[in-house]
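The values are calculated or read from the model by the stated rules, or taken from the named source; none is laboratory data. No experiment lies behind these values; they were computed from the predicted model shown. Backbone-built Cβ (ideal geometry, glycine too); neighbour counts: all protein chains shown. Note: accessible area is taken over every heavy atom of the protein model, side chains too, but ligands, DNA and RNA are not part of it. Shrake-Rupley method; radii C 1.70, N 1.55, O 1.52, S 1.80 Å.
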Amino acid sequence: MKWIFAVLVAALTGCTTTPKKESPPPVSVSADVATPSRIDYVALQTFLGLDRAPEELGFTERAFNTCDAGYGYSRSQNCRQEVFVVLHFRLLCRDSEGTISTILTESDVTPIAGKTVKWSLKGMTGTTTTDGLGYGQIRTVSPRSQRRERARLAVGPEFLYMRANEITKIITPRPWCNP
């Protein structure tokens with residue numbers, strides 16, 4: 001009797017298989033956005049009143065309801081509160097390394113111009129490109145405030161971490177000048 005039970009259990013377990021879970025397709029990240037490109041981030045930024053000149057440095061964010069916003073979000077499905085984050089920064093480099101005790105002027109620094117900046121902010125990542133004067137902008141949408149989170153900015157092999165709400169004009173040492 002035991003062997004019939006053993007054969008029955010073996011037959012039943014041998015015939016069952018766990019279906020393989022397919023991994024989701026990779027999400028491509030566009031210029032300065034950390035989520036799929038179906039959302040019109042430029043229009044959403046303007047709609048939320050967060051559009052400003054590149055020279056207006058710093059962090060700002062605004063909460064919004066996805067169903068009220070549109071611009072790629074459904075007006076009736078999966079309604080939720082999100083936070084639109086905008087971070088304007090300027091990257092400059094100095095022709096020295098280590099700690100300095102002098103005050104730097106515009107003539108002592110060079111803009112990190114036309115460089116791809118890889119950024120990450122609490123699990124979100126993306127890239128943006130600085131303009132001819134070293135100005136860059138990060139736009140992303142998050143389920144919660146990113147004000148106090150650490151942001152990572154990288155140009156080539158060089159990188160730095162700062163709190164998102166503290167990033168404005170960043171003067172970096174010599175290795176950043178030609179990464």
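With respect to the conditions (1) touching a Ser or Thr at 6+ places or on another chain (Cβ under 8 Å); (2) among the hydrophobic types (A, V, I, L, M, F, W, C); (3) part of a strand (DSSP E or B), Ala113 falls short on a single one, namely (3). If you go through the stretch 67-125 and pick out every residue that is modelled with pLDDT of 90 or more, loosely packed, with under 14 Cβ neighbours inside 10 Å, under 16 Å from Tyr161 (Cα atoms) and of a type outside the set (S, T, N, Q), you end up with 0.
Cβ separations smaller than 6 Å between residues 6+ apart or across chains give the following pairs from the stretch 139-157 residues that are in contact (Cβ under 8 Å) with a residue 60 or more places away in the chain and open to solvent by 10 Å² or more (accessible area, probe 1.4 Å) to residues that are of a type in the set (A, V, I, L, M, F, W, C) and part of a loop (DSSP other than H, G, I, E, B): Arg139/Val33. Scan the stretch 63-81 and tell me whether some residue there is closer than 29 Å to Pro111 by Cα, assigned to a strand (DSSP E or B) and in contact with a Phe, Trp or Tyr (Cβ under 8 Å, 6 or more places away or on another chain). Looking through the stretch 63-81, none of the residues is closer than 29 Å to Pro111 by Cα, assigned to a strand (DSSP E or B) and in contact with a Phe, Trp or Tyr (Cβ under 8 Å, 6 or more places away or on another chain).
Only a single item in (1) modelled with pLDDT under 50; (2) open to solvent by 40 Å² or more (accessible area, probe 1.4 Å) is not met by Arg38, and it is number (1).
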